[in-house]
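The values are calculated or read from the model by the stated rules, or taken from the named source; none is laboratory data. Please read all numbers here as calculations on a predicted model, not as lab measurements. Virtual Cβ from ideal backbone geometry, glycine too; neighbours counted across all protein chains shown.
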Amino acid sequence: MARRELEQKANMLGSVVQTGVFLLDKGNREIYNFNLLQGKGAFQNLARADIQAGIRLAPPEENKVVLYTAPWKGVYILLPVHEEGSYAGLAAVGPLLQEILPEGELRGVLKFLRLREKEVQEVLECWDSLKAFSGSELKHLAALAAHLFWHPLASSVQVQAVQPGPDLSGKDKFHENLLGSHDFVDGNYRMEADLLHAIQTGNAGLLKTLEEDRRQMYIPNRTPENPLRTDRNLLVTLNSLACRAAIQGGVPLGIAHNMSSNFAGFIENARTAKQIQELNAAIPTVFCDAVRKYRTREAGPLVAKVLDQVYANLYKKLEVAEIAAELFVTPSHLSRKFKEEMGVTLSRFIQQAKCQEAEFLMAKGNHTLSEIGEMLQFNSLSHFSATYKKVRGFPPSRVESREEGKG
């Protein structure tokens, strides 16, 4: 089948089904796409990511059609393309709808695919234009597509339905393909890292900014026969991680474990969704407050306020004079009190706190050194590097190289 003929068939099928049709070569690289939603780049990119996830779950075979259901319930038909009787690549038809997610849950799933808010909105706008099909209709459509892209007289069409989960075609691919996309694992891991960092540093401001993201977090139900048990298991994990983060943040071991034991009792006795929700909010907040309390336990009221100001505003320009003005004291008085109680100047303490935050950002691996310096309000990369070396004794590039080596 010539390339031009393949494109014509893709256009015809896409027009009939009212969705996208993507043609891929033997290496699963896109060579053509028909999409009624031209200009909707975020939606097309979502489809491309879904298609690659489906291919990972069920690699193409010459005589097999795959119905892949993405985490957000969009369905794709993945089928081999034959040229002169031999396998030449893949055609992917979709997304199609079989099951509709509530908008709130759909938003949560899309957010953990790392779509920006503008892109999420774009996908939601395209949502209503998708056609819905029953399960039997999808299988008939898959067979039709197979005959179209193989040969009108294709004798056997094997249709295999796959979706993210722990058991696919008799093989446990859960660890390899959790939720069909490593983006979900990655998104949840990054959320967890940010949450624990907020607790460890006693950063109530960061914790508050994470609240909405945590509410929209997409979590698969591992025990569908007992959803309350799933919620409790998640709280048990949160309780353990928050306890460890608090200990690392300076809360005494015995006190942290006593707090954790109390929460364990509350978790076991939780019986309603409201109680689960309240515990989900309370656990990180209480441990975060404990870190703040023990961080400032030896400081007077004025210095305690300064510490909270610094940790809550690491991504802002922090000047001693401005902090003093907000606390209605003179810069010289503030500097003297801080040095007396903390044993280090306030300027030096700010530098140390920013360098500690920089190490957290470097460990995450999302940003370059230049971007990290800019985020933490250093004047330039050279200013950031010089400050870091003065505080730590070695340049930040050494830390970055070490983190890359771990990866």
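Side notes on the structure shown:
- Scope segment 309-323; condition more than 15 Å from Gln351 (Cα to Cα) and within 38 Å of the chain's Cα centre (by Cα); matching residues: Glu322
- Applying the set (1) surrounded by 15 or more Cβ atoms within 10 Å (Cβ to Cβ); (2) within 18 Å of Gly202 (Cβ to Cβ); (3) not basic (Lys, Arg) to Pro252 leaves exactly one unmet item: (1).
- Entry remark, segment 245-260: residues being part of a helix (DSSP H, G or I) and touching a residue at least 12 places away in the same chain (Cβ under 8 Å) number 8 in total.
- Unique match (being more than 25 Å from Asn379 (Cβ to Cβ), aliphatic (A, V, I, L, M) and out of contact with any strand residue (DSSP E or B) (no Cβ under 9 Å at 6 or more places or on another chain)) among Leu302, Leu307: Leu302
- Here Leu110 fits the description: of a type outside the set (Phe, Trp, Tyr), part of a helix (DSSP H, G or I) and at pLDDT below 70.
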